[in-house]
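Have a look at the structure below, then the notes.
The values are calculated or read from the model by the stated rules, or taken from the named source; none is laboratory data. What you see is a predicted model, and the numbers here were worked out from it, not measured in a lab. Cβ coordinates were reconstructed from backbone atoms using ideal geometry, including for glycine residues, and neighbour counts include every protein chain displayed.
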Amino acid sequence: MDAMDSGIAKFPDLIDARRDELIALTQDLIRMPTLNPPGEAYLEICEYLAKRLKARKFHVELIRAHGTPGDSARYPRWNVVARREGKGPGACVHFNSHIDVVETGHGWTMDPFGGELKDGKIYGRGACDMKGGLAASIIAAEAFIDSFPDFNGAIEISGTADEETGGYGGVAYLAEKGYFNPSRVQHVIIPEPLNKDRVCLGHRGVWWAEIETRGHIAHGSMPFLGDCAVRHMGAVLQEFETGLYPALALKHTAMPVVPEGARQSTMNINSFHGGQAEPEADFTGFPSACVPDSCRMIIDRRYIIEEDPDDVRREVADVLAKVSAQRNDFSYDIREMWHVTPTMTDKSSPVVQSVSKSIEKVLNKSPEYVVSPGTYDQKHIDRIGRLKDCIAYGPGILDLAHQPDEYVGVDDMIDSAKVMALSLQDLLNA
Ligand SMILES: [Zn+2]
């Protein structure tokens with residue numbers, strides 16, 4: 001018998017016995033409307049988590065990310081980090097969940113902050129992304145501690161702000177303060193909703209830029225006296241269609257990105273605006289006749305681990321240079337808005353191995369290894385924290401995230417809590 005086998009008879013029973021507690025915890029978390037933006041109820045949820053974990057002998061810190069984007073007296077960016085030391089020396093396993101949820105949007109048939117339980121599913125904004133995962137990790141850690149009070153190493157659980165808006169008031173801030181220093185934490189599991197039988201190794205890179213073309217304003221009846229910035233941008237779009245998009249479609253990645261359509265380089269036109277601003281909804285008049293002197297476009301380029309970020313930038317610069325060579329008076333600017341490098345944890349790393357083995361034991365199947373098309377807080381843990389042994393693993397169906405009638409299945413939470421608990425045992429006691 002290996003170290004994992006010795007505890008397996010206990011764990012499933014212990015976590016099954018906590019089913020009602022898991023449901024109640026998830027419901028409590030959903031009922032705190034931690035909407036971001038603007039960043040509601042962060043202190044409330046952090047204090048709730050602090051109280052619960054203090055009672056389980058965790059050392060708890062509430063940390064406000066002063067001065068980060070959106071932080072204000074009305075909407076302070078609060079985070080909670082709880083650490084429970086074991087009896088002996090050893091590694092620290094950290095579960096990191098974001099506490100924020102996105103706006104509810106339209107189309108709900110359930111109360112988005114009701115946390116209603118129906119047919120084995122708990123409904124609400126954030127149920128799957130990712131309060132269900134947070135609740136599962138807490139139940140897993142508590143069950144582990146109760147079974148192995150003399151465990152080695154340490155367990156940390158954090159609830160962090162602002163993941164949905166880049167994580168700067170959350171994990172990025174904590175990483176800068178040393179909370180994800182590899183001397184303090186060795187293994188990180190982020191219980192994002194990636195499905196209970198999948199291990200998410202990382203994510204693609206992101207490059208956002210705003211391009212502006214400039215023209216010259218004139219009367220719309222005599223456009224030849226002006227210079228239309230929208231037509232200049234149209235030429236850029238044309239070059240994207242005929243040159244850049246076909247080139248991106250040829251760049252395939254070995255990263256196991258899901259869905260499969262994202263297993264290549266992609267680019268979204270996030271927004272496009274030229275000419276006069278859209279009138280207010282209550283304005284019923286006509287626009288004035290003008291030639292637009294400015295056009296702006298924001299591009300959202302997602303890149304693969306095989307690409308160099310300088311090449312990603314250069315491709316767009318080359319498009320602009322080509323258009324510039326073809327058109328008279330082509331005047332433009334390009335401004336980088338955001339950049340995140342791709343990250344992918346090695347399959348042979350301890351946390352991947354441990355969670356994979358646990359999935360096999362609990363679900364009786366081999367895990368699927370995936371990479372996220374979009375980014376999540378792993379970027380900060382990797383780049384700022386320099387901590388490489390990090391994955392996303394948690395309950396919930398990824399496709400439900402940010403949708404109306406979002407839910408998390410109770411059985412899925414139970415299964416993933418078992419996987420997390422067994423992984424703790426493997427990483428700390430093996
Ligand atoms: Zn999330």
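Which one is farthest from Ala135 (Cα to Cα), of the residues in the stretch 380-399 that are modelled with pLDDT under 95 and within 16 Å of the ligand (Cβ to nearest atom)?
Per the criteria, the residue is Asp399.
Given the criterion surrounded by fewer than 18 Cβ atoms within 10 Å (Cβ to Cβ) and of a type in the set (A, V, I, L, M), identify the matching residue among Ala417, Ala430, Ala392. I'd like the intermediate steps shown before the answer.
Details: Ala417 fails: surrounded by fewer than 18 Cβ atoms within 10 Å (Cβ to Cβ); Ala392 fails: surrounded by fewer than 18 Cβ atoms within 10 Å (Cβ to Cβ).
From the options Ala417, Ala430, Ala392, the qualifying one is Ala430.
Take Arg56 and tell me if it is in contact with a strand residue (DSSP E or B) (Cβ under 8 Å, 6 or more places away or on another chain) and either assigned by TED's automatic domain parsing to the domain that holds Asn195 or of a type outside the set (A, V, I, L, M) (or both).
Numbers: in contact with a strand residue (DSSP E or B) (Cβ under 8 Å, 6 or more places away or on another chain): yes; either assigned by TED's automatic domain parsing to the domain that holds Asn195 or of a type outside the set (A, V, I, L, M) (or both): yes.
It is true that Arg56 is in contact with a strand residue (DSSP E or B) (Cβ under 8 Å, 6 or more places away or on another chain) and either assigned by TED's automatic domain parsing to the domain that holds Asn195 or of a type outside the set (A, V, I, L, M) (or both).
Taking the residues in the stretch 117-135 that are in a loop (DSSP other than H, G, I, E, B) and in contact (Cβ under 8 Å) with a residue 12 or more places away in the chain as candidates, determine which candidate is farthest from Leu29 (Cα to Cα). Reasoning before the result, please.
Pass one, the stretch 117-135, residues in a loop (DSSP other than H, G, I, E, B): 119-120, 124-126.
Now narrow it down to the ones that are in contact (Cβ under 8 Å) with a residue 12 or more places away in the chain: 120, 124-126.
Numbers: Gly120: 17, Gly124: 10, Arg125: 10, Gly126: 9 Å.
For the stretch 117-135, the residue satisfying everything is Gly120.
Can you run down the residue pairs with Cβ atoms below 6 Å, 6 or more apart or on separate chains, where the first is in the stretch 50-68 and farther than 18 Å from His98 by Cα and the partner is assigned to a helix (DSSP H, G or I)?
Once the first residue is farther than 18 Å from His98 by Cα and sits in the stretch 50-68, its partners that are assigned to a helix (DSSP H, G or I) give Arg56/Glu142.
In the stretch 169-191, what residues are within 16 Å of the ligand (Cβ to nearest atom) and farther than 26 Å from Asn152 by Cα? Talk me through it step by step, then tell me what you get.
Keep residues of the stretch 169-191 that are within 16 Å of the ligand (Cβ to nearest atom), which gives 169-172, 188-191.
Within the stretch 169-191, Gly169, Gly170, Ala172 meet the criteria.
Those residues that are within 16 Å of the ligand (Cβ to nearest atom), in a loop (DSSP other than H, G, I, E, B) and not aliphatic (A, V, I, L, M), I need them from the stretch 136-165; list them, please.
Residue satisfying the conditions is Asp162 alone.
Before we move on, is Val101 buried (at least 18 other Cβ atoms within 10 Å of the Cβ), closer than 27 Å to Lys177 by Cβ, away from the ligand (no atom under 16 Å from the Cβ) and not hydroxyl-bearing (Ser, Thr, Tyr)? Outline the logic, then answer.
Values: buried (at least 18 other Cβ atoms within 10 Å of the Cβ): yes; closer than 27 Å to Lys177 by Cβ: yes; away from the ligand (no atom under 16 Å from the Cβ): no; not hydroxyl-bearing (Ser, Thr, Tyr): yes.
Against the criterion (buried (at least 18 other Cβ atoms within 10 Å of the Cβ), closer than 27 Å to Lys177 by Cβ, away from the ligand (no atom under 16 Å from the Cβ) and not hydroxyl-bearing (Ser, Thr, Tyr)), Val101 does not qualify.
Taking Asp377 as meeting all but one of (1) surrounded by fewer than 20 Cβ atoms within 10 Å (Cβ to Cβ); (2) among the charged types (D, E, K, R); (3) under 25 Å from the mean Cα position of the chain (by Cα), write down the number of the exception.
(1)
Yes or no, residue by residue, for (1) hydroxyl-bearing (Ser, Thr, Tyr); (2) free of Cβ contacts under 8 Å to residues at least 60 places away in the same chain; (3) within 27 Å of Phe272 (Cβ to Cβ); (4) in contact with an Asp or Glu (Cβ under 9 Å, 6 or more places away or on another chain):
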| residue | (1), (2), (3), (4) |
| --- | --- |
| Gly166 | no, no, yes, no |
| Gly169 | no, no, no, yes |
| Val185 | no, no, no, yes |
| Glu192 | no, no, no, yes |
| Arg198 | no, no, no, yes |
| Val206 | no, no, yes, yes |
| Ala209 | no, no, yes, yes |
| Ser221 | yes, no, yes, no |
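Considering only residues that are touching a residue at least 24 places away in the same chain (Cβ under 8 Å) and not in a loop (DSSP other than H, G, I, E, B), which ones fall in the stretch 226-236? Talk me through it step by step, then tell me what you get.
Going residue by residue through the stretch 226-236, those that are touching a residue at least 24 places away in the same chain (Cβ under 8 Å) are 226-230, 232-233, 235-236.
Asp227, Ala229, Val230, His232, Met233, Ala235, Val236 - these are the residues of the stretch 226-236 that are touching a residue at least 24 places away in the same chain (Cβ under 8 Å) and not in a loop (DSSP other than H, G, I, E, B).
Has the stretch 324-343 got any residue that is within 16 Å of the ligand (Cβ to nearest atom), touching a residue at least 60 places away in the same chain (Cβ under 8 Å) and not hydroxyl-bearing (Ser, Thr, Tyr)?
Yes: the stretch 324-343 contains one or more residues that are within 16 Å of the ligand (Cβ to nearest atom), touching a residue at least 60 places away in the same chain (Cβ under 8 Å) and not hydroxyl-bearing (Ser, Thr, Tyr).
Regarding His232, is this residue of a type outside the set (A, V, I, L, M, F, W, C), within 30 Å of Ser416 (Cα to Cα) and in contact with a Phe, Trp or Tyr (Cβ under 7 Å, 6 or more places away or on another chain)? Please lay out each step first, then the result.
Details: of a type outside the set (A, V, I, L, M, F, W, C): yes; within 30 Å of Ser416 (Cα to Cα): no; in contact with a Phe, Trp or Tyr (Cβ under 7 Å, 6 or more places away or on another chain): yes.
No; evaluated as a whole, the condition is false for this residue.
Of everything in the stretch 400-411 that's outside any loop (DSSP other than H, G, I, E, B) and within 13 Å of the ligand (Cβ to nearest atom), which residue is surrounded by the fewest Cβ atoms within 10 Å (Cβ to Cβ)? If you could, list the steps in order and put the result at the bottom.
The first filter runs over the stretch 400-411 and keeps only residues outside any loop (DSSP other than H, G, I, E, B), leaving 400, 407-411.
After this cut, where a residue has to be within 13 Å of the ligand (Cβ to nearest atom) as well, the list is 400, 408.
Values: Leu400: 18, Val408: 30.
If we take residues in the stretch 400-411 being outside any loop (DSSP other than H, G, I, E, B) and within 13 Å of the ligand (Cβ to nearest atom), then Leu400 is surrounded by the fewest Cβ atoms within 10 Å (Cβ to Cβ).
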